Protein chains: 2
Amino acid sequence: MTKITQNVVALAGGVGGSKLAYGLAQIVAPEHLTIIVNTGDDFEHLGLYIAPDLDTVMYTLAGVNNPATGWGVKDESWNMMAAMARYIGPTWFQLGDRDLATHLLRTTWLHDNYSYNQVTKELCRRLGVRCTVLPMTEQPVRTMVQTESGELAFQEYFVKLKCEPVVTGLRYAGAEGAQPSREVVSAVRQSDVIVFCPSNPLLSLDPILALPTMRRVLAASRSPKIAVSPLIKGQALKGPAAKLMKELNMDVSATGVAHYLREVLTGFVIDHADQAEEEAITNLGLRTLVTGTVMTNNETKVQLAQEILAFAGIS
Amino acid sequence: MTKITQNVVALAGGVGGSKLAYGLAQIVAPEHLTIIVNTGDDFEHLGLYIAPDLDTVMYTLAGVNNPATGWGVKDESWNMMAAMARYIGPTWFQLGDRDLATHLLRTTWLHDNYSYNQVTKELCRRLGVRCTVLPMTEQPVRTMVQTESGELAFQEYFVKLKCEPVVTGLRYAGAEGAQPSREVVSAVRQSDVIVFCPSNPLLSLDPILALPTMRRVLAASRSPKIAVSPLIKGQALKGPAAKLMKELNMDVSATGVAHYLREVLTGFVIDHADQAEEEAITNLGLRTLVTGTVMTNNETKVQLAQEILAFAGIS
């Protein structure tokens, strides 16, 4: 099959985003595909710089991801963690032995003053990922989760506390002063379509949209801007999107997500199961595609990617 | 058995040193035993602070050492290295998955401004090591190996080049300006015996002796200062001691080691196999003990420790 040679940009967070990124990577020529990834989840742990969403996207594109967990690499072992537990007891953030190579290398290279883009590019290249994967910004942005008992760092909320605290607000610390890199801006400007992957709108897409330049560049783009609903029948396939939206008094539905993102979109993709919402979404001023959005295997990832691009007039 | 409650200090490097340290730890009350360990082998790799001799001593005392390799921990796996190889090809310094926990924690704690002594103490404590293990100094000292083709960092010579280059000299960079810590000085001053473990005299003991204050404190001590020959019949049980001594035109024998260290010693222990050298060593002004010095199992480690202490009048 001839690969698509129009410029495709995708904005992605973790699991859902990486699945669609995988689908896009199978049908778009690598030099024409750029995945811009949320870095609001980044944090430091045991002296290591850890970028969970970048890793999930990179591992998924490289075909080494762990489908059972949704994060980390397949065929993983946990012997460092076991030895660490002997020193400091159980730790809440799991670091697999193979996964550690990524964290060690990224941390070392960043410490050696390679840029975040360079480091990401080198890690991807060496894993055989041929499209471009970019952190949303090279500057620190940290998603902070406000709860009734105070503000939590994202991984503390997400991993340590398993998303259990009731969320009263979110803050993307550093975002207002952070700039998307030249490469990110250029990719968006030269794009023929911008795909918002079915990632958590609050935790994965909002940090990207919180960069002021990103909002401006997206607004200036005349390309189709298509989001895929991460909710089906009011539920996320994975992650806390529905719980979080409910706690923030949002409409917990595909329509709710479309409404929330409508300013930056031209089109919206919902699952057959939510067909009844098509009219409401169209009424928001968005073109609407109803199709199968559950990506259970590689074929359905590719199929959804194809349908989105066709819907955007890309072929 | 009642444990010895006189103060025993041992100076140690890697494998041979840690075996005797293990023997001493079985018969000396933990609050009366201090192991002062060479840190000239320390280096940084992949952003991790690695202390090979401290780790070997600590792992051996904790009973988690890998007897097959002489370094690292038992029941080790190598999955981080395998994943790392995918990124950057094979690397010459092997980092086991379980061993990584030590390096990550030490590096993190040092980065958090805990002192090298504190970090060592905490690692030991959490592994159940009850005697005191001290780095020879908290300041950086790096053993540099001079060869015909230039100067090499120690691990490059020792691990990467497998001790193959012909050595023309050794340098302990930083040693002249480094101070043994207050704890090290105090342990030596309060010692009732000082044992020089059967470690490489050039690579393990000399870096310790290169600290000017250490030389002075040792010279001022009236305690018996007993070394155990690391050579038996002109051969080291492990490591490059014999090769190195030959390249530096030293007498490659127990007597040669005794001669080399005679200024700081009062007594010397040789193996039965070298009984013929007893007189030559006595003629150096050292009391000499001839006994079995090959530590093939825990019993022989304890037995050698007992004989050394008895020889020093400690019981």
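The values are calculated or read from the model by the stated rules, or taken from the named source; none is laboratory data. Quantities reported herein were computed from a predicted structural model and do not represent experimental measurements. Here the Cβ is made from the backbone with ideal geometry for all residues, glycine too, and neighbour counts use every protein chain on show.
Got a number for residues in segment B:111-140 being buried (at least 16 other Cβ atoms within 10 Å of the Cβ) and facing chain A (nearest Cβ under 10 Å)?
Count: 3.
Out of (1) out of contact with any strand residue (DSSP E or B) (no Cβ under 6 Å at 6 or more places or on another chain); (2) polar (S, T, N, Q); (3) more than 8 Å from every other protein chain (Cβ to nearest Cβ); (4) closer than 30 Å to B:ASN113 by Cβ, what's the single condition that is false for A:THR143?
With (1) out of contact with any strand residue (DSSP E or B) (no Cβ under 6 Å at 6 or more places or on another chain); (2) polar (S, T, N, Q); (3) more than 8 Å from every other protein chain (Cβ to nearest Cβ); (4) closer than 30 Å to B:ASN113 by Cβ applied to A:THR143, the lone miss is (1).
Let me spell it out: the conditions are (1) at pLDDT 95 or above; (2) in contact with a strand residue (DSSP E or B) (Cβ under 7 Å, 6 or more places away or on another chain), and A:ARG262 meets all of them except one. Which number is the exception?
(2)
Out of B:ALA82, B:ALA101, which single residue is aliphatic (A, V, I, L, M) and closer than 19 Å to A:GLY89 by Cα?
Residue meeting the stated conditions: B:ALA101.
From A:THR143, A:THR56, which residue is closer than 24 Å to A:GLY177 by Cα, among the polar types (S, T, N, Q) and crowded, with 20+ Cβ neighbours inside 10 Å?
None of the other options fit; the residue is A:THR143.
Can you name every one of the helices (runs of 4 or more DSSP H) wholly within segment A:182-228 that holds 2 or more residues which are within 24 Å of A:SER315 (Cβ to Cβ), in contact with a strand residue (DSSP E or B) (Cβ under 9 Å, 6 or more places away or on another chain) and not polar (S, T, N, Q)?
Hits in segment A:182-228: A:182-189.
Taking segment A:78-99, which residues are modelled with pLDDT of 95 or more and more than 14 Å from B:LEU105 (Cβ to Cβ)?
Residues satisfying the conditions are A:TRP78, A:ASN79, A:GLY96, A:ASP97, A:ARG98, A:ASP99.
Give me a count of the residues in segment A:92-110 that are over 29 Å from A:GLN179 (Cα atoms) and within 10 Å of another protein chain (Cβ to nearest Cβ).
4
Across segment B:68-91, what is the total count of residues that are over 28 Å from the mean Cα position of the chain (by Cα) and of a type in the set (D, E, K, R)?
So the answer is 1.
Here is a list: B:MET58, B:MET1. Which entry is of a type outside the set (Gly, Ala, Ser) and free of Cβ contacts under 8 Å to residues at least 40 places away in the same chain?
Every option except B:MET1 fails the conditions.
Could you list, in sequence order, the residues of segment A:287-313 that are among the hydrophobic types (A, V, I, L, M, F, W, C) and surrounded by 21 or more Cβ atoms within 10 Å (Cβ to Cβ)?
Matches in segment A:287-313: A:MET295, A:LEU304, A:ALA305, A:ILE308, A:LEU309, A:ALA312.
Are there any pairs, at least 6 apart or on different chains, whose C-beta atoms fall under 7 Å, with the first in segment A:170-194 and farther than 20 Å from A:ALA310 by Cα and the second buried (at least 19 other Cβ atoms within 10 Å of the Cβ) and basic (Lys, Arg), and if so, which?
Short answer, once both residue conditions are applied: none.
Do you know which residues across segment B:284-312 are within 16 Å of B:ALA10 (Cα to Cα) and in a strand (DSSP E or B)?
Once the filter is applied, which keeps residues that are within 16 Å of B:ALA10 (Cα to Cα) and in a strand (DSSP E or B), segment B:284-312 yields nothing.
Can you name every residue in segment B:8-59 that is in a loop (DSSP other than H, G, I, E, B) and either more than 22 Å from B:ALA173 (Cβ to Cβ) or more than 14 Å from chain A (Cβ to nearest Cβ) (or both)?
B:GLY13, B:GLY14, B:ALA29, B:ASN38, B:THR39, B:GLY40, B:ASP41, B:ASP42, B:ALA51
May I ask you to list the residues in segment B:229-245 that are surrounded by 21 or more Cβ atoms within 10 Å (Cβ to Cβ) and either touching a residue at least 60 places away in the same chain (Cβ under 8 Å) or outside any helix (DSSP H, G or I) (or both)?
B:SER229, B:PRO230, B:LEU231, B:ALA236, B:LEU244
Take segment B:195-228 and flag every residue that is in contact (Cβ under 8 Å) with a residue 60 or more places away in the chain and among the β-branched types (Val, Ile, Thr).
Within segment B:195-228, B:VAL195, B:ILE208, B:ILE226, B:VAL228 qualify.
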